[in-house]
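Participant: Sharing a structure below in C-alpha cells format, with a few things to ask.
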C-alpha cells in the first residue's frame, strides 16, 4: 500500500484562529489537508466489514482496492488534479467508489441530482463541462451515446476485476482547491453548482466527528464501530457526511441502494443491527407507518439524528413510542449548502422545552442574527471554515466582506441556543429536497395557457411540504390539471412537479412593490 499521512497526527480538538480569504475564522489546529489523505485513516480496520449493499459486502481493505482500481481507470482516461467528473446515479456501491477514486487522483466530484429531468441534466452538464460523466439509466437521463459518459455498470466491472493494486500517491493539491461541486436549488431558477473546497468538506466532517466523539486518533484499534444506515441520497451533503464519517471511525455502512423503500429499510435495520440512522423526517415517518413495521426487530436503533426539515413533535413522540431503544436520542442537525453543511446541532435535552430549537453552534462555527426585529428574529448567518467558495461560473462570493454566510432562514438566539423561526428564501422543502419556487414557476410559465403563476409550499403530513401552483389562465385559453402536470413532468424532476393546483381567471394578488403576494394565496387555497 502507498504510505499516506500518519492518521494519528492529523486530527485534534484544539481550535485556533486564522485569516481565511481575508476574514477571521476559527479552525482546528490539527486537521487533514486533503480528501485523498482520508483514505489512510481507514487502514487500521482492514479486515472489518465497511460496506453492505444487498448481497455485496466489502471490507475496508476490499473497498480501498476497489477505489484504487477505479482511480487507475480514471487516470488512464486523463482524469487528474482539477478534472471535473460528474456522478449522476441513485445510491449504489459504484457511486461511492467513483467518488473516492476522483478524490484519490485530485479531481473534483460533481454531484448531480438523480431525480432531475433529462432537460435539467443537460443544463447542468453544459454549465460544468465535465471531463467525464459516470451515470446510471443513461436513456432516461438523455445521456445515451455521449462519448464522455460511462454507465455505472462499467464502474462495477472496473472495481471487481484485476489485480490488488495500491492507491496513487497523494495528489499535489491545496486546502482551498475544489473537492466537490454540489448542486443547490437556490431561489432564482435553475440548479446552481456550489463549490466546496478540500478545507471546507474536511472541517465539516471534523465538526461532526468531534460532536460524536469519533475522531480517528481517539479511537483504539479494537474500538467497536457504529453500524450506520444510509438512506439519504449520496448527492446530498448529508449522504457524503454519513459515508465518510463511518469510513473514518471504523463503522459499518448499510447502504440502501436505489430508491427509498420503507420495507427495505426495516429489513436492513434487522439484518445489520443498525444503531444510527441519520435521515429526514419524511423517511422516518414512512418507515414507522409501514404496515409490517411490527414484524421487524428494530431494537438495535439507538439514535436518529434528523435534518432537512423541522421535526414535528408528533413524529418525535412516535419515534420514542415505537423505537424504545432511541429514548431521548432524537437529535437535530441544522445547516445549509452555502455554509458547507451542518452549523448547529442539538441533543434531545437541548431541544426539550425549546420549541423550534435546532441546537448550538458547532465548535468552529460562529452564529449571529442579522437585522433582528423587536423579538430578536432576523436572518441566521454563520461564519465558518466550511463555507463554500461560491457558485460555479459566478464570481460573487457566498460570504460578505467579514466572512458571514446568509442562510436565508429566520431565527433568534437564546443564549447559545439557536431557535428557528421560518424561512426567508422562496423555496419548498419536500421530503428533504429543496425546490426553488422560481424554477417551477419558470417552467409553468412556458405553457401557452398560463398567464400568471405562483408556486408555494403547503403543509403535508408525510412530506413536510408539498408543491402547490396557483395558475391564472389566459383569456381564450384553457388547461386542465392533468395537462399542466404532464407539461411540468416533461421539464422538471419528479419531486418538483406540483401536486396541488388552483386554476383561476382572476389576477393574482400583488403587494406594494408589484410582487405576487403568496401569503394571500395560502389562506383561501381552494385546491382539491
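Taken together, the values in this text are just the output of simple stated rules run on the coordinates, not laboratory data. For clarity, every value in this text was computed on a predicted model and none was experimentally measured. So basically every Cβ, Gly included, is an ideal-geometry build from the backbone, and we count neighbours across all protein chains shown.
Participant: Starting with the fewest neighbours, write out 108, 15 ranked by other beta-carbon atoms found within 10 Å of each beta-carbon.
Facilitator: Least crowded to most crowded, the residues run 15, 108.
Participant: Just the Cα atoms of the range 122-251: what Rg and Dmax do they give in Å?
Facilitator: Looking at the range 122-251, its Cα Rg and Dmax stand at 17.8, 50 Å.
Participant: Another question, if that's okay. Among 433, 414, what is the fewest-to-most ranking by other Cβ atoms within 10 Å?
Facilitator: Values: 433 24, 414 12.
The order, fewest Cβ neighbours first, is 414, 433.
Participant: With a 10 Å Cβ neighbour count serving as the proxy for reagent exposure, in which order, fewest first, do 384, 337 appear? Walk me through the numbers before you get to the answer.
Facilitator: Details: 384 30, 337 20.
Fewest-to-most ranking of 384, 337: 337, 384.
Participant: Could I ask something else about it? Please determine, in degrees from 0 to 90 and to the nearest 10, the orientation of helix 262-272 with respect to the longest principal axis defined by the Cα atoms of the chain, where the helix direction is its Cα long axis.
Facilitator: That works out to roughly 20 degrees.
Participant: With only alpha-carbon atoms counted, please give the Rg and Dmax of the range 340-425, in Å.
Facilitator: Cα-based Rg and Dmax for the range 340-425 come out at 13.4, 45 Å.
Participant: Starting from the coordinates of the alpha-carbon atoms of the range 429-522, obtain the Kirkwood hydrodynamic radius over all distinct pairs and give the value in Å to one decimal. Intermediate values should be presented prior to the final figure.
Facilitator: Working: mean 1/r = 0.0738 Å⁻¹.
After inverting the mean inverse Cα-Cα distance, the result is 13.5 Å.
Participant: Where both residues lie in the chain, what percent of DSSP beta bridges are antiparallel, nearest 5? Don't jump to the answer; show the numbers that get you there.
Facilitator: Numbers: 60 of 91 bridges.
DSSP beta bridges in the chain are roughly 65 percent antiparallel.
Participant: In degrees between 0 and 90, to the nearest 10, how far off the longest principal axis of the chain does helix 60-76 point, with axes built from Cα atoms?
Facilitator: The angle comes out near 70 degrees.
Participant: How many angstrom lie between the Cα centre of the range 101-168 and the Cα centre of the range 213-233?
Facilitator: 28
Participant: Sticking with this one: At 222 nm, what value in deg cm²/dmol follows for the chain if DSSP H runs of at least 4 each add -39500 (n - 2.57) and the sum is divided by all its residues, to the nearest 500? Walk me through the numbers on the way to the answer.
Facilitator: Details: 14 runs with 135 residues, N = 528.
-7500 deg cm²/dmol, from helical runs alone.
Participant: Then there's this: Separation of the range 34-56 and the range 454-487 by C-alpha centroid, Å?
Facilitator: Measuring centre to centre over Cα atoms gives 45 Å.
Participant: Binning at 10 angstrom from zero up to the longest distance, how are the C-alpha pair distances of the chain distributed in percent?
Facilitator: 4, 18, 29, 28, 16, 5, 1, 0
Participant: Using the per-residue mean of other Cβ atoms lying within 10 Å as a proxy for protection, in what order, highest first, do the peptides 231-238, 113-120, 168-175 fall? Walk me through the intermediate numbers first.
Facilitator: Numbers: 231-238: 23.1, 113-120: 19.2, 168-175: 15.4.
The packing order, highest mean first, is 231-238, 113-120, 168-175.
Participant: What is the helix-to-structure angle for 198-211, meaning the angle in degrees between its Cα long axis and the longest Cα principal axis of the chain, kept from 0 to 90 and rounded to the nearest 10?
Facilitator: Value to nearest ten degrees: 80.
Participant: Output the direction-averaged projected area (hull surface divided by four) of the convex hull of the alpha-carbon atoms of the range 204-333, in nm².
Facilitator: Details: hull surface 30.8 nm².
Averaging across all directions leaves 7.7 nm² for the Cα convex hull.
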